[in-house]
Amino acid sequence: MWVKIVLVSLICLLINIPLGAMRERSRKFSLQWILWVHASIPLIIALRLWLHLHPIAIPLNIAAAVLGQFLGGAPAKRRRKAASPSA
């Protein structure tokens, strides 16, 4: 059971890295931003149902997805901060 939970969490993380990069290039709270934040949810739900994961996996999958969004958006955010003039 734990192997499947770790595998799905890793998939959540890896899928959300490019989605986080695309989210970071969108205007915050725009329709496009909301799409990139939520795009992986149907896949995650399908994997959970297909593999019959225990509900204990839900917080772990969400945490992995959020971490993937953060890791994907961090380089773009860092570049944007470096390019902006200092105050």
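We did not get these values from a lab; they are worked out from the coordinates using the rules stated. Predicted model, so just to flag it, every value in this text is computed and none were measured. Backbone-built Cβ (ideal geometry, glycine too); neighbour counts: all protein chains shown.
The table for this structure:
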quantity	calculated
Computed magnitude of the charge dipole of the chain (debye, nearest 20; Cβ of K, R +1, Cβ of D, E -1)	440 debye
Residue 28/residue 1 FRET efficiency (R0 35 Å; Cβ-Cβ; nearest 0.05)	0.40
Surrounding net charge for residue 11, when Lys and Arg each add one and Asp and Glu each subtract one, Cβ distance under 12 Å	+2
In Hz, Karplus ³J(HN,Hα) per residue of region 11-24 (6.51, -1.76, 1.60; θ = phi - 60°; x = Gly, Pro)	4, 4, 4, 5, 5, 7, 5, x, 5, x, 5, 5, 4, 5
